[in-house]
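We did not get these values from a lab; they are worked out from the coordinates using the rules stated. Quick caveat, the model's predicted, so the values are computed rather than measured. Here the Cβ positions follow ideal geometry from the backbone for every residue, glycine too, while neighbour counts run over all protein chains shown.
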Amino acid sequence: MILIANSEAWPGFQTTVDRLRAGERGPDPLVAGISCVEREVTVRSVGYGGWPNMLGEMEFDAGVMDGTTRQVGAVGALRDVVPASAVALQVMRRLPHVLLTGDGARRFALECGFAAEPTLLEDSRRVWWERLEKELPPADLAAFPDIPLAPLSRAITDPERVRDTTVFLGQDSGGGLHAATSTSGWAWKYPGRLGDSPIAGAGFYADSRFGAAACTHTGEMTVRCGTARSIVLALQLGRTLREAVDLAVADLATLDLGFLAGVVIHALDAQGNHEVVSFRCGPAIRYWYWDPSLTAPEERVARTV
Ligand code: GLY
């Protein structure tokens, strides 16, 4: 057994450890942990604590993959429902589809018994509006939201509040490798924008025979490179985990047009090795690690490339 997750996974990491220790298999223990993170308002990148889109609306993205069956469930731009990862799991369990977005995702969540509720914190609303006040001329502010939003999409990017994500990757007691992700996405994103967190192959991928990977930070990068899938495919082709991750990083590094920014890759192989690598996100990226040889989860520092 093994579990890794990004540094902001602390509210749910122990929940997942306990469920893995109890012998629970499949992606459910990961979703149980990530749901705790989504409910924790002090985690400012996901769930109730996340940031809204340009219109001041919360839109959640989440994905789940069972690496043994290679079944996937995901939701994108889901409104009014937390935890999004639990809705993604139900997409996997109940539908012949893998990804629902927007109104359809919300409708499905309510059919499953999730509650619709306010998800925008007053503090998030205040920070969002202050940002608009800073960027918009008075006439545009008065007309808001009936103005073109596209010109704003670069101007109001906030380096302190971008594209963070919660990811859990685990190997259960049966050797099954699984992945779960959740995020409120890029703060002040264009409405309807999906990042990589609901995109299997980009933000997450798992195959119990070979490995699993999940990414945080800039979804616009990993969607373009199919990063998570490329790592697992490299493992399938016989590369070591470090070689597989470094190949994915080298591929990201070849992007030179479009929006360019950092990515953090989390990865496991079927032999129990793990890698967490910070690409252009700086040296201070941390993550959580646990295996049964440890008495308690450890917070470790990612390799910087
Ligand atoms: N990695 C999260 C996002 O791009 O939304």
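What strands (runs of 3 or more DSSP E), lying completely within the range 206-305, carry at least 3 residues that are within 17 Å of A5 (Cα to Cα) and among the aliphatic types (A, V, I, L, M)?
211-217, 263-269
One residue is enough: does the range 177-199 have a residue meeting the conditions within 11 Å of the chain's Cα centre (by Cα) and charged (D, E, K, R)?
yes
Restricting to the range 192-222, give me the number of residues that are surrounded by fewer than 22 Cβ atoms within 10 Å (Cβ to Cβ) and within 14 Å of the ligand (Cβ to nearest atom).
Number of matching residues: 4.
May I ask you to say which residue of G185, G175 is within 14 Å of the ligand (Cβ to nearest atom) and either in a helix (DSSP H, G or I) or surrounded by 14 or more Cβ atoms within 10 Å (Cβ to Cβ) (or both)? Write out each step before concluding.
Values: G175 fails: within 14 Å of the ligand (Cβ to nearest atom).
Among G185, G175, only G185 is within 14 Å of the ligand (Cβ to nearest atom) and either in a helix (DSSP H, G or I) or surrounded by 14 or more Cβ atoms within 10 Å (Cβ to Cβ) (or both).
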